[in-house]
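The values are calculated or read from the model by the stated rules, or taken from the named source; none is laboratory data. All figures in this text were calculated on a predicted structure; none of them were measured in a lab. Glycine also receives a Cβ, built like all others from the backbone with ideal geometry; neighbour counts cover every protein chain displayed.
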Amino acid sequence: MSQYDVLCIGNAIVDIIAQCNEPFLVENKIIKGAMNLIDAERAELLYSRMGPAIEASGGSAGNTAAGIASFGGRAAFFGKVSSDQLGDIYYHDIRAQGVAFDTKPLAGEPPTARSMIFVTPDGERSMNTYLGACVELGPEDVEEEKAQGAKVTYFEGYLWDPPRAKEAIRLTAQHAHAAGREVSMTLSDAFCVDRYRDEFLDLMRSGIVDIVFANSREIKSLYRTEDFETALNLIRRDCKLAAVTRSEKGSVIVRGDETVPIKAIPVHEIVDTTGAGDLYAAGFLHGYTTGRSLQDCGDLGSLAAGLVIQQIGPRPRQNLKEEARKVGLL
């Protein structure tokens with residue numbers, strides 16, 4: 001009997017989300033649609049220039065864990081915060097959403113990570129992240145019982161930026177595979193793929209990673225091609241299972257020779273795309289760990305992603321289990 005459905009490992013980041021116009025991004029040299037890593041000084045500068053903002057616990061894998069819990073799944077999380085005000089916000093927030101989070105906080109410097117997220121009128125989000133305490137996540141933070149007790153471990157590609165986190169992920173994967181469990185990852189963003197292309201491909205080809213989540217930009221970056229079908233055919237050779245999102249075109253799931261196209265749900269208005277990929281992974285993994293078909297897994301992912309982009313912030317306000325029941329998916 002597994003203790004958890006999914007163990008998520010990621011950067012424990014407090015999101016600070018504000019709306020802005022396109023000239024603001026240009027004036028402040030912010031790369032649109034990307035996750036830009038920044039230092040403490042730039043974090044202070046951008047914060048001082050932000051308009052009214054919403055603060056909430058975020059981070060890619062943390063969002064996925066919260067989504068799984070909202071579906072009624074059993075989720076756990078590894079991530080590092082500091083013993084400060086933002087760290088307290090993060091701890092309270094993620095636990096209140098039903099996620100098991102017991103990573104020991106850092107005493108003192110650096111402070112808890114924060115990401116200034118600027119949302120343009122088209123709903124695109126541009127993230128400016130100060131990693132702070134996240135970089136201190138290491139092998140000593142791996143809880144063996146959780147690693148062996150989760151059906152699937154899921155980690156974010158962003159964790160390849162802080163060096164010791166790589167060791168933590170490899171150790172967790174060892175525990176998971178020793179217990180007959182599976183390991184999954186998200187490629188996170190195209191710039192992240194550019195930084196770690198060879199390492200990501202090695203994780204897949206060596207069997208450390210069984211399941212890969214990506215969007216169309218990331219998968220094309222991974223294989224250095226502008227042709228989506230070419231990239232799709234390459235990834236089906238490199239990993240056991242891949243789910244690739246395509247915004248309004250839905251998503252495609254591939255496993256060996258199997259190809260499952262998934263439709264996007266109708267969306268009234270795109271407000272903020274923050275967390276879309278994270279919530280897609282939450283829906284998919286909830287379906288996967290409860291033994292559902294790939295079609296159902298994809299439809300649950302589409303539902304969660306479609307709901308979260310119609311609001312500000314990366315954590316759905318609706319109860320995802322209830323929403324899935326309304327449309328006959330659960």
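Is it true that some residue in region 118-137 is in a helix (DSSP H, G or I) and either without any contact (Cβ under 8 Å) to a residue 24 or more places away in the chain or among the aliphatic types (A, V, I, L, M) (or both)? Spell out the reasoning first.
At the first step, the residues of region 118-137 found to be in a helix (DSSP H, G or I) are 132-136.
With either without any contact (Cβ under 8 Å) to a residue 24 or more places away in the chain or among the aliphatic types (A, V, I, L, M) (or both) added as a condition, the list becomes 133, 135.
Yes, the conditions are met somewhere in region 118-137.
Does Leu187 satisfy being without any contact (Cβ under 8 Å) to a residue 40 or more places away in the chain, within 18 Å of Ala65 (Cα to Cα) and surrounded by 21 or more Cβ atoms within 10 Å (Cβ to Cβ)? Working first, answer last.
Details: without any contact (Cβ under 8 Å) to a residue 40 or more places away in the chain: yes; within 18 Å of Ala65 (Cα to Cα): yes; surrounded by 21 or more Cβ atoms within 10 Å (Cβ to Cβ): yes.
So Leu187 fits the description; yes.
Anything in region 105-161 that is within 23 Å of Asp189 (Cβ to Cβ), more than 17 Å from the chain's Cα centre (by Cα) and acidic (Asp, Glu)? List them, or say none.
Asp122, Glu136
Can you find, within region 118-148, the residue that is farthest from Ala100 (Cα to Cα) among those that are surrounded by 19 or more Cβ atoms within 10 Å (Cβ to Cβ), among the small types (Gly, Ala, Ser) and in contact with an Asp or Glu (Cβ under 9 Å, 6 or more places away or on another chain)?
Gly132
Only one residue in Arg317, Arg292 is part of a loop (DSSP other than H, G, I, E, B), over 24 Å from Asp210 (Cβ atoms) and free of Cβ contacts under 8 Å to residues at least 24 places away in the same chain, so which one is that? Give the steps one after another, and end with the answer.
Working: Arg292 fails: over 24 Å from Asp210 (Cβ atoms).
Result of the check over Arg317, Arg292: Arg317.
Being at pLDDT 90 or above and either in contact with a strand residue (DSSP E or B) (Cβ under 9 Å, 6 or more places away or on another chain) or buried (at least 18 other Cβ atoms within 10 Å of the Cβ) (or both) is the filter here, so list the residues in region 99-108 that pass it. Walk me through how you get there before you give the answer.
So the first thing to find is which residues in region 99-108 are at pLDDT 90 or above, and the list is 99-107.
Listed by number, the residues that qualify are Val99, Ala100, Phe101, Asp102, Thr103, Pro105, Leu106, Ala107.
Between Glu226, Glu248, which is farther than 27 Å from Ile16 by Cα and among the charged types (D, E, K, R)?
Details: Glu248 fails: farther than 27 Å from Ile16 by Cα.
Within the list Glu226, Glu248, the selection yields Glu226.
Take Pro261 and tell me if it is surrounded by fewer than 21 Cβ atoms within 10 Å (Cβ to Cβ) and in a strand (DSSP E or B).
Working: surrounded by fewer than 21 Cβ atoms within 10 Å (Cβ to Cβ): yes; in a strand (DSSP E or B): yes.
So Pro261 passes the test.
Could you say which residue among Ser115, Ser216 is surrounded by 21 or more Cβ atoms within 10 Å (Cβ to Cβ) and either hydroxyl-bearing (Ser, Thr, Tyr) or in contact (Cβ under 8 Å) with a residue 60 or more places away in the chain (or both)? Explain how you work it out, then say what you get.
Values: Ser216 fails: surrounded by 21 or more Cβ atoms within 10 Å (Cβ to Cβ).
Sole residue among the options that is surrounded by 21 or more Cβ atoms within 10 Å (Cβ to Cβ) and either hydroxyl-bearing (Ser, Thr, Tyr) or in contact (Cβ under 8 Å) with a residue 60 or more places away in the chain (or both): Ser115.
Looking only at region 295-314, count every residue that is of a type in the set (D, E, K, R) and either surrounded by fewer than 23 Cβ atoms within 10 Å (Cβ to Cβ) or assigned to a loop (DSSP other than H, G, I, E, B) (or both) and tell me the total. If you could, list the steps in order and put the result at the bottom.
Start the filter on region 295-314 by keeping residues that are of a type in the set (D, E, K, R), which leaves 296, 299.
Restricting the remaining residues to those that are either surrounded by fewer than 23 Cβ atoms within 10 Å (Cβ to Cβ) or assigned to a loop (DSSP other than H, G, I, E, B) (or both) gives 296.
Residues meeting the conditions: 1.
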